[in-house]
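First comes the structure, then the notes that go with it.
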Ligand SMILES: [Zn+2]
């Protein structure tokens, strides 16, 4: 695509958002140089998920989708770059990536326990998500559930290093089945965090499912603007296996709508499934 065409698409998106088309920011995207998207998954403490391919779900019309219509996702698997990476509603997945080397400008250290003590990158979240997390962890504590952070923000450089290590170990093809490609990890938005119980048991592992911490999150996360980003039974839409520990801040309004309707962020934006 020519530079001019890209600029035109960008302008359309900017104007559309400016006019308030759609109540929320849509995961508008523009094709990125025809690069083929890799598959990939969340990378928490360990390989989180394996992709599975699948057909389209019923495309329900959802708010916030209008702007994306200006640059519909390619059906050939080409990579799309999100237009507004700073939106708390941004959708990053196997198909939609963040702009190259994107880093949120408002990363802070949330005042909640983590399963490690160092003040390092993965302890950070964006300011709004961090404040909501603090409220959520405090509320859980009131209910006798002690949540702790496992992994929050992750830079593209860190993701690249992790991914390259997996490629060395297992080869690229296999690595792509369980590791997110750089630029495609939701952790890079600073709006996602893996949580566990404060004992760190089952941190980012499937045995977290069924714990009282997982149950509490499933019951209450939306009250704080978080969603379980990769719900059970939605693998074919999100491209990720069930990850009860991975929560994503989207704000209270969107979280409530998603929970009420029992849908995913992809369905909320009426985006095509990303798994392959
Ligand atoms: Zn995660």
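The values are calculated or read from the model by the stated rules, or taken from the named source; none is laboratory data. If you're wondering where the values come from, they're calculated on a predicted model, not measured in any experiment. Glycine gets a Cβ as well: all are built from the backbone with ideal geometry, and neighbour counts include every protein chain shown.
Given (1) closer than 21 Å to residue 180 by Cβ; (2) part of a loop (DSSP other than H, G, I, E, B), identify the lone condition not met by residue 117.
Here residue 117 meets the rest and fails (1).
Would you pick out the residues in the stretch 165-190 that are more than 11 Å from the ligand (Cβ to nearest atom), in contact with a strand residue (DSSP E or B) (Cβ under 7 Å, 6 or more places away or on another chain) and at negative phi?
178, 179, 184, listed by residue number.
Pick out the one residue from 200, 210, 183 that is closer than 20 Å to residue 125 by Cβ, outside any helix (DSSP H, G or I) and at pLDDT below 95.
Just one listed residue meets the conditions, 200.
Among 242, 226, which is within 15 Å of the ligand (Cβ to nearest atom), under 25 Å from residue 202 (Cβ atoms) and surrounded by fewer than 22 Cβ atoms within 10 Å (Cβ to Cβ)? It would help to see each step written out before you state the result.
On the way: 226 fails: surrounded by fewer than 22 Cβ atoms within 10 Å (Cβ to Cβ).
So the residue among 242, 226 that is within 15 Å of the ligand (Cβ to nearest atom), under 25 Å from residue 202 (Cβ atoms) and surrounded by fewer than 22 Cβ atoms within 10 Å (Cβ to Cβ) is 242.
Testing residue 175 on (1) assigned to a helix (DSSP H, G or I); (2) buried (at least 21 other Cβ atoms within 10 Å of the Cβ); (3) at pLDDT 95 or above, one condition comes back false. Which one is that?
For residue 175, the failing item is (3).
Which residue is farthest from residue 82 (Cα to Cα), if the candidates are limited to the stretch 136-153 and must be in a strand (DSSP E or B) and in contact (Cβ under 8 Å) with a residue 60 or more places away in the chain? If you could, list the steps in order and put the result at the bottom.
Kept after step one, since they are in a strand (DSSP E or B), are these residues of the stretch 136-153: 147-151.
Still in the running and in contact (Cβ under 8 Å) with a residue 60 or more places away in the chain: 147, 150-151.
Details: 147: 31, 150: 26, 151: 23 Å.
Residue satisfying both the conditions and the ranking: 147.
Let me confirm something: among 195, 133, which residue is touching a helix residue (DSSP H, G or I) at 6+ places or on another chain (Cβ under 9 Å), closer than 27 Å to residue 254 by Cα, in a helix (DSSP H, G or I) and within 16 Å of the ligand (Cβ to nearest atom)?
On the way: 195 fails: in a helix (DSSP H, G or I).
Matching residue, one of 195, 133: 133.
Every residue in the stretch 85-114 that is in a loop (DSSP other than H, G, I, E, B), under 22 Å from residue 264 (Cα atoms) and modelled with pLDDT of 95 or more, please.
Correct list: 85, 86, 87, 88, 89, 90, 91, 92, 98.
Looking only at the stretch 136-163, which residues are away from the ligand (no atom under 15 Å from the Cβ) and touching a strand residue (DSSP E or B) at 6+ places or on another chain (Cβ under 9 Å)?
Within the stretch 136-163, 136, 137, 140, 141, 145, 146 meet the criteria.
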